[in-house]
Amino acid sequence: MYPFMRLAKVMWQAKRNSPVHITDKSEISFSCRPWDLDIFNEMNNGRVLTLYDLGRTELGIRCGLMKVLAKKRWALVVAGSSVRYRKRIHMFHKVKMYSQCVGWDDKWLYVEQSMWVDGKPCSSVLVRAGVTSKKGLISPHELLEAMHEPVNTPILPQWVTEWIDSEQHRPWPPIGQ
């Protein structure tokens, strides 16, 4: 089940926190609960991705993105992700999550996120995100103009550009019937 109570808490706290720029790092904290666990008594990998949604929501509220989306009737979409799992998160571990938009290109925003327990990294994700309207994909430049933010495209880190390049070589449609 989707963590609606956690979402409500994240939204309430984000509205009380100071505003940030879309490229600033934001932070949320939570504890791993019994319903987050898989059969190996560690946080389920699917739940990790769902909780990363909450981190992006918090960043989106604090940078003003969510207000623009509501006003323009736009929506967010995840178009790809690359995840690393390195350390198990167990029940009642206190988790800190960091979220930051590391840049954009002509179509997509790239958001880096990570989860930490006791000062040690547990997982990280790079998300390719987009903004859509009824007419299709909205460019990051149009989005930033609507947010009244400078549209200067930051230089993406090398590891991000290499991931973008590798995704161009991945076959689509995938292997199937």
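The values are calculated or read from the model by the stated rules, or taken from the named source; none is laboratory data. Only a predicted model underlies this, so the values are computations on that prediction, with no experimental measurement involved. Cβ: placed from backbone, ideal geometry, glycine included. Neighbour counts: every protein chain shown.
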Which one of the conditions (1) loosely packed, with under 14 Cβ neighbours inside 10 Å; (2) part of a helix (DSSP H, G or I); (3) in contact (Cβ under 8 Å) with a residue 12 or more places away in the chain does residue 13 fail to meet, given that it meets all the rest?
(1)
Hey, residue 133 farther than 21 Å from residue 14 by Cα, among the small types (Gly, Ala, Ser), within 18 Å of the chain's Cα centre (by Cα) and modelled with pLDDT of 95 or more or not
no
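How many of the residues in the range 34-65 are surrounded by 14 or more Cβ atoms within 10 Å (Cβ to Cβ) and not aliphatic (A, V, I, L, M)?
If we filter the range 34-65 for residues that are surrounded by 14 or more Cβ atoms within 10 Å (Cβ to Cβ), which is where we start, we get 36-37, 42-44, 47-65.
When the remaining residues are screened for being not aliphatic (A, V, I, L, M), the result is 36, 42, 44, 47, 50, 52-53, 55-58, 60, 62-64.
Counting residues in the range 34-65 that are surrounded by 14 or more Cβ atoms within 10 Å (Cβ to Cβ) and not aliphatic (A, V, I, L, M) gives 15.
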Give all pairs with beta carbons closer than 8 Å in which a residue from the range 147-168 that is over 15 Å from residue 79 (Cα atoms) meets a residue that is polar (S, T, N, Q); count only pairs at least 6 apart in sequence or on separate chains.
154/23
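Can you find a residue in the range 27-34 that is within 30 Å of residue 172 (Cβ to Cβ) and not polar (S, T, N, Q)? Talk me through it step by step, then tell me what you get.
Narrowing the range 27-34 to residues within 30 Å of residue 172 (Cβ to Cβ): none.
Scanning the range 27-34 turns up no residue that is within 30 Å of residue 172 (Cβ to Cβ) and not polar (S, T, N, Q).
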I'd like to check something: does the range 86-94 contain any residue that is in contact with a Phe, Trp or Tyr (Cβ under 8 Å, 6 or more places away or on another chain), surrounded by 15 or more Cβ atoms within 10 Å (Cβ to Cβ) and not charged (D, E, K, R)?
no
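Of the residues 5, 43, 1, which is modelled with pLDDT under 95 and more than 16 Å from the chain's Cα centre (by Cα)? Steps first, please.
Numbers: 5 fails: modelled with pLDDT under 95; 43 fails: modelled with pLDDT under 95.
Just a single option satisfies the conditions, and that option is 1.
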